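As structure tokens, the structure follows; a few thoughts come after it.
The values are calculated or read from the model by the stated rules, or taken from the named source; none is laboratory data. Source: prediction; values computed, not measured. Cβ placement follows ideal geometry from the backbone for every residue including glycine, while neighbour counts extend to all protein chains displayed.
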Amino acid sequence: MSTPSPQTPELTRRESVVVDADPDTVWRLVTSIERTGEWSPVCTACAWEEPDDGPEVGAWFTGRNEHAGRVWETRSQVVAAEPGRAFAWLVGGAFVRWGYELAPVAGDPARTELTETWEFLPEGLAMFADKYGDDADAQVADRAAQAHAGIPATLAALARVAAAERGASAPATDRPG
């Protein structure tokens, strides 16, 4: 597998949306991993692994993913769990970092700027090189394309779910400047 080049898809992504709910409410939603299938276009189900039963640093969960006729499971470890501020995990404990950052909207603390982040880590690139050999670059590109397309879809769905649960007539769809 080669070193990322200008032709290699970006191995990081960061996008934000404004959600019609306060940061604590949004944090409870994004950390309810058993509900992930309601907003993720790829991850259809998640469950905490025993003895873990909630969002705390060090906890593990399993996710079931489906895309393009493929089904696979991943194990992830929580690496950030700050109520109302951040939730993040490492797939495989070291391969890919996914996360959410939350902040109250300036002048409107009842709304949240929700940012989803994704980064393909060096350990993940090495694992893909070992696992896929000559096909590693294509496999990484496929995962990057899934993340790049999935993040805005996930954020829009989270905004809809949060608004519906709050009883709002429509979710916020504006993106922070």
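Worth pointing out:
- Condition met for Trp27 (in contact with an Asp or Glu (Cβ under 9 Å, 6 or more places away or on another chain) and either among the aromatic types (Phe, Trp, Tyr) or at pLDDT 95 or above (or both)): yes
- Test for Glu73: is it touching a Gly at 6+ places or on another chain (Cβ under 8 Å) and either acidic (Asp, Glu) or modelled with pLDDT of 95 or more (or both): yes
- Complete set of residues in the stretch 38-65 that are of a type outside the set (A, V, I, L, M, F, W, C), over 15 Å from the mean Cα position of the chain (by Cα) and surrounded by 13 or more Cβ atoms within 10 Å (Cβ to Cβ): Glu49, Asp52
- Hits in the stretch 131-149 (condition: over 23 Å from Ser16 (Cα atoms) and surrounded by 18 or more Cβ atoms within 10 Å (Cβ to Cβ)): Ala136, Asp137, Val140
- Verdict on Gly99 being in contact (Cβ under 8 Å) with a residue 60 or more places away in the chain, in contact with a Phe, Trp or Tyr (Cβ under 8 Å, 6 or more places away or on another chain) and surrounded by 14 or more Cβ atoms within 10 Å (Cβ to Cβ): no
- For Glu82: the one exception among (1) within 24 Å of Val18 (Cβ to Cβ); (2) touching a Ser or Thr at 6+ places or on another chain (Cβ under 6 Å); (3) without any contact (Cβ under 8 Å) to a residue 60 or more places away in the chain: (2)
- Of residues in the stretch 43-58 being among the aliphatic types (A, V, I, L, M) and in contact with a Ser or Thr (Cβ under 9 Å, 6 or more places away or on another chain), the one farthest from Ala86 (Cα to Cα): Ala45
- Strands (runs of 3 or more DSSP E) completely within the stretch 1-109 that count 1 or more residues being in contact with a helix residue (DSSP H, G or I) (Cβ under 6 Å, 6 or more places away or on another chain) and not small (Gly, Ala, Ser): 12-19, 43-48, 60-67, 86-91, 96-105
- Of the residues Ala94, Ala21, Ala68, the single one that is in contact (Cβ under 8 Å) with a residue 60 or more places away in the chain and more than 14 Å from the chain's Cα centre (by Cα) is Ala21.
- Qualifying residues in the stretch 73-83 (those that are in contact with an Asp or Glu (Cβ under 8 Å, 6 or more places away or on another chain) and surrounded by fewer than 16 Cβ atoms within 10 Å (Cβ to Cβ)) - the one nearest to Thr12 (Cα to Cα): Arg75
- The listed residues are Thr112, Thr154, and the only one of them that is within 14 Å of the chain's Cα centre (by Cα), modelled with pLDDT of 95 or more and outside any loop (DSSP other than H, G, I, E, B) turns out to be Thr154.
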